[in-house]
Amino acid sequence: MTASASNTAIYVSGLNVRFAGFAAITNLSMELRYGEIRAIIGPNGAGKTTLMDVITGKTRPASGEVFLDRVTNLATLDETSIARLGIGRKFQKPSVFEALLVRENLELAIRNGHGYADMLRSRLKTEYDQRIDEVLETIGLSSEGRRLAGTLSHGQKQWLEIGMLLVADPHVILLDEPVAGMTDHETARTVELIARLKSPARAVVVIEHDMDFVGEIADLVSVLHEGQLLGEGSMEKVRSDPRVIQVYLGR
Amino acid sequence: MTTLPETAARRNWTLSAFLSKWMEIGIVPVLILVAAYLPFAYFAIPEASALHMSLFGINLIGQIMCFALLALALDLVWGYAGILSLGHGIFFGIGGYLMAIYLLNSAYAETNVLPDFIQYMGTGGFPTVWKIFSRLDVTVLITIVFTALVAGVFGFVTFRSRINGVYLSIITQALTYALMLLLFINDVGLGGNNGMTGFTNIAGLRIAGVSTQIGLAVCSCVVLVVAYVGVRYLAHSSLGRALIAVRDDEARMRFLGYRTHTLKLIAWCLSAVIAALAGMLYVPQVGIVNPTIVSPQLSVEIAVWVAIGGRGTLIGAIAGAILVNGLKFWLSSQLPEVWPFILAGVTLVIVVAFGNGVWGTLKAAGEEANR
């Protein structure tokens, strides 16, 4: 019991989020743990992206608790502070900086908003430089470092964005539909990439519609429906849950 | 086999590639040459020669350099940080007015005659605070600090409240108008609509003197060069890359751990100080400061120069300011009624035909040729 408690990365309890009267999330409680890859599934409007918005500080909850490591109250912090705590996020549509080089994108990510004086002198720690090389290798863009990010293909942009998370070595990684719009080949590569993100010191959360993809990567699946937690467990368990089938899988 | 790469290399030497590659650095020696040429052109070259320049011409170049500084300042915040300020005239005005206060102080020290507007106010002398502006170096220093402070407070409040885009533009424009109206009031004590004039000397030199005026024009060129080198260094540094990232997707930068309002504030304050320096150089060259220096029209025009030249290129902003103002001085004396239509026409054609401005288009063509 204590072991699993100390394992908690993000602790959500009694969370309510409303947009102009519309309840996006209602009384949601869940735990996201280190060392696991968690998939969050559910129909459109189930509150999946809203949950990520709350965890990353983009949206303020109406009530409820969101804690990192059971000590830091994320509901009171802004996006920047939360990002600096080591919570990284990949957005649904690729949002790399297209006017900058691939390498420059990773540089911005690894600096994490620190050291303006070094930035003015364009100085980068050698270990950061090496880390960027490693990550370029990992995301398969080693030879594209000097290319403008805007000229990459859709899949490459998605990988670059995952790379931008990876360089900063975050404790919590939130991925919003990482394989949307990808070819089968690209999806397969992304599965490998996400599997590499898994580490005992890291919690990985993936929002996805593609069930085969979820089955391949997720240790645990949480199903959201109309802002509430409908079920939680392994993919097989979730797939056989009659309520889940009714609202989501069956359709 | 060996001829292939060579022809490919030769094709790179198109004019656009050459210009976009080398003028970014080449502008520095060009401006230094201009600065060195000005005294030479007046004193050493006989009047009959076509290379001789009149004092009027030199004075014009000096003024245009001040406008180029303003454009450079705006390009830093607009082209790099994505903040379209339609109120840079405010900082230009702060520099101009504080310089004028210094110039009136030194005129009074020389002639012992108070300016008319001070006499009308019946206070019997300059306001006490004016005394700190009795030396040029102190005035420059105070102006830099004061401008950075004003810009800092405005920037802190607006950037922190996440006021962006057109809303910020409108606020800056409205503030410009408000400041102009304020300065029109005689009781404010800055000369009302007549402004401040009657300057006699600057740092002990006779202000209307030929060498002083040439010196000011040279000084404007030099300040432009220094500012360009400094801003280019910033723009091409990792900090400059971060500004571009803020311009293109500020929210994303927050999720990467950046305090985006701090980044914007750095660019904003630096830009304001450059604009104030432009104002300080401009006023002694035109010999007067009045509220039109903070007219909304001037502030919008700066954006037009930058848009024509190409925002986010620095050199394009400078070229735009020089081209448009050169054309303006020339045409507004020949065809004063037609000038506004020509400016509007040129602006429309360039914005529609070349979205990136003249320099931006040239640069893109150069990069294309290099591919």
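Any read-out appearing in this document is the output of simple, stated calculations on the displayed coordinates, not a laboratory observation. Since this is a predicted model, take the numbers as computed values, not measurements. Please note: Cβ atoms are built from the backbone with ideal geometry, for glycine as well, and neighbour counts cover all protein chains shown.
Some points to look at:
- Estimated FRET transfer efficiency when R0 is 30 angstrom, pair B:LEU327-B:PHE18 (beta carbons, to 0.05): 0.75
- Residues whose amide H falls under 5 Å from that of A:GLU36, counting only those 5 or more places apart or on a different chain, are A:VAL204, with hydrogens built in the peptide plane.
- Among B:LEU265, B:LEU104, B:LEU239: highest mean-square fluctuation, GNM of chain B, C-alpha pairs under 10 Å: B:LEU239
- Residue separation of B:TYR120 and B:SER49 scaled by 0.36 nm, minus their Cα-Cα distance, works out to 20.7 nm of gained length.
- Take each residue in B:259-267, count the other chain C-beta atoms within 10 Å of its C-beta, and the mean is 2.
- Here the Karplus curve 6.51 cos²θ - 1.76 cosθ + 1.60, taken at θ = phi - 60°, turns the phi angles of region B:50-60 into couplings of 5, 7, 5, 10, 6, 4, 4, x, 5, 4, 4 Hz, with x standing for Gly and Pro.
- Cβ-derived FRET efficiency at R0 41 Å, B:ILE342 paired with B:VAL113, nearest 0.05: 0.40
- Structure remark: mean-square fluctuation, Gaussian network model of chain A, C-alpha springs under 10 Å; the largest value among A:ALA75, A:ALA62, A:ALA203 belongs to A:ALA62.
- Per-pair calculated FRET efficiency, R0 = 35 Å: A:SER240 and A:HIS185 via Cβ, rounded to 0.05: 0.70
- Chymotrypsin sites (Phe, Trp or Tyr not before Pro) restricted to DSSP loop in region B:188-233 with at most 14 other C-beta within 10 Å: none
- Summarising the label geometry, the points placed 7 Å from Cα in the beta-carbon direction at B:LEU149 and B:ASN194 lie 3.0 nm from one another.
- On Cα atoms only, tilt of B:210-236 relative to the major axis of chain B in degrees: 40
- Over 32 Å between alpha carbons, listed pairs A:LYS90/B:LYS264; A:LYS58/B:LYS21; A:LYS90/A:LYS125; B:LYS131/B:LYS328; A:LYS198/A:LYS237: A:LYS58/B:LYS21; B:LYS131/B:LYS328
- Residue-averaged [θ]222 nm for chain B, counting only DSSP H segments that reach four residues, each worth -39500 (n - 2.57): -24500 deg cm²/dmol
- Neighbour cut-off at most 14 other Cβ (10 Å), DSSP loop, trypsin sites (Lys or Arg not before Pro), region A:1-95: A:ARG70
- With the helix formula -39500 (n - 2.57) applied to DSSP H stretches of n ≥ 4, chain A reaches a computed 222 nm mean residue ellipticity of -10000 deg cm²/dmol.
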